[in-house]
1. Could you identify which residue out of G253, G203, G37 has the top mean-square fluctuation in a GNM of the chain using Cα springs shorter than 10 Å?
2. Can you give the extra length, in nm with one decimal, that the chain gains between K116 and Q137 once fully stretched, where that is 0.36 nm per residue apart less the Cα-Cα distance?
3. Can you tell me what the convex hull of the Cα atoms of the range 1-105 projects to on average, as an area in nm²?
4. Compute the distance in nm between two label points, each set 7 Å from the Cα along the Cα-to-Cβ direction, one at S425 and one at L401.
5. Per q in 0.12, 0.19, 0.24, 0.27 Å⁻¹, report the Debye log10 I(q)/I(0) for the range 343-395, using one uniform scatterer on each alpha carbon and no solvent.
6. Output the relative contact order of the range 156-261, whole-number percent, from Cα pairs under 8 angstrom with separation of 6+ residues.
7. What FRET efficiency do you get for E204 and R41 if R0 is 41 Å and r is their Cβ-Cβ distance, rounded to the nearest 0.05?
8. With θ taken as phi - 60° and the coefficients 6.51, -1.76 and 1.60, list the Karplus ³J(HN,Hα) couplings across the range 389-399 in order, rounded to whole Hz; mark glycine and proline as x.
Amino acid sequence: MSPCNYNRDQVLALAPDDSSRKAGEGLASARKWLNLGLDERSLWGECQGSGSRPYQTCIDLSEPAFKCSCPSRKFPCKHGLGLFLLHVSEPGVVTATEAPEWVLGWLDKRVESQEKKERKLKEGPKPIDGEAQAKRQAKRHANIEDGLAELDRWLCDRIRQGLATVQAESYEFWDGMAARMVDAQAPGMARMLRACASIASSGENWQERLLERLSTIHLAIQAYNRLPSLSPQMQSEVKQVMGLTVNQDDVLGGTGVADIWQVMGQSIELDDKLKVKRSWLRGGKTNKWAMVLSFAHGMQPLDVSLMPGAFILAELAYYPGVLPMRALIKMRDGEPFAAPLTEVYADADAALLDYAKARAANPWLEVYPFSIESLAPVVVNGNFYLKDARGNLLNTKIDRLNKLRLLSVSGGRPVCVFGEWDGASLRPLSMNNGERYFGLEAGIKS
């Protein structure tokens, strides 16, 4: 594919941290590389490091995916980033040639892995022991019910005593009950409880935000207690709120949705030692949203096969629910390509109306994708907002670096902005100034 289909921002968005980004930029020079080569699928080169032998670096451009012989535990490493940046910035430097054996061997393993995955999908899920599964589910259901009964009493005590007493409590106050929910096999409820600790110290009107969060927890408890009376779709939502996982093979075995999907933006959060990346996709023909999650524990690398701003031809399989949004990539075909950021909403009113309908369908919805055509950055009374074409001001959740980047790209004029709406503020993740896509730092927040 032509390297001009990408820009530096998209490549740099793949960097695991700032130091890797800076080091990668330092290696984006032809004089740093030996034996550079390119074919229809891959890009490769050798970079001299501190050892006696140069590091062998290659990129599978069809996703992209990276491979390097250096000892770095970061992914992609600085060599992969540097090679990709060189490919994008100076396309004439890397010429087409025949791939060496070490590149072909890695690509063959990737093809073999993909074929194995496709065969597994065709074969369908393996038969399970229904009786044993029913016993396990019944035992977990009983554990969750016991834990939720205790949590409900705990919540009622908090309300009777008044929220004013909660603000003086430490993190351990919330973490203790969260740990009880983990023991009760309801990790989703534990995560919601831990989030309450930061709300109590989040500034003005914290009581309203905390009461809303406690109310959604109480609603989840009541919904689980009457689970059999709910629709199958709502049952799936409630189970996911509790943290009950859905087998991926079951999801992939369902009917897929084929489309040309744009990777609108990505965000990264840290839940204890678990990194969670949300990749938001929008279907060009179906107009469907999709959220693809990837996870990495500790120093493990996050998946980078979905490049921000790129389009992919793929078939997605959705998890069940009243508002299906989370999805898995069932099949993808061809290399990603670039195009302008998709415009979805004309103004904030249209976006908020859509969000209200989604929240009514799923009251536990935590974030929702917003892509608004014309938003201009403004500062009012010292606070940073995004103003739409009608003059509506949207609260933003944005750090200083991304604020400066948004201002520099927009020049204070309206741009198309994509981000995550949490019910109170927008977290911008990407923008388009009418000429090209710009990704914002995904960041990691606790």
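The values are calculated or read from the model by the stated rules, or taken from the named source; none is laboratory data. None of the values given here were measured: they were computed from a predicted structure. Note that each Cβ is placed from the backbone with ideal geometry, even for glycine, and that neighbours are counted across all protein chains shown. The protein model used for the area step is the full one, side chains on, heavy atoms only, and it has no ligands, DNA or RNA in it. Shrake-Rupley method; radii C 1.70, N 1.55, O 1.52, S 1.80 Å.
1. Comparing G253, G203, G37 in the GNM, the peak value goes to G203.
2. Extra length from K116 to Q137 when fully extended: 4.5 nm.
3. 6.2 nm²
4. 1.8 nm
5. -0.30, -0.68, -0.91, -1.01
6. This gives 23 percent for the range 156-261.
7. The pair E204/R41 has a calculated efficiency of 0.15.
8. 5, 8, x, 5, 9, 9, 4, 10, 10, 8, 8
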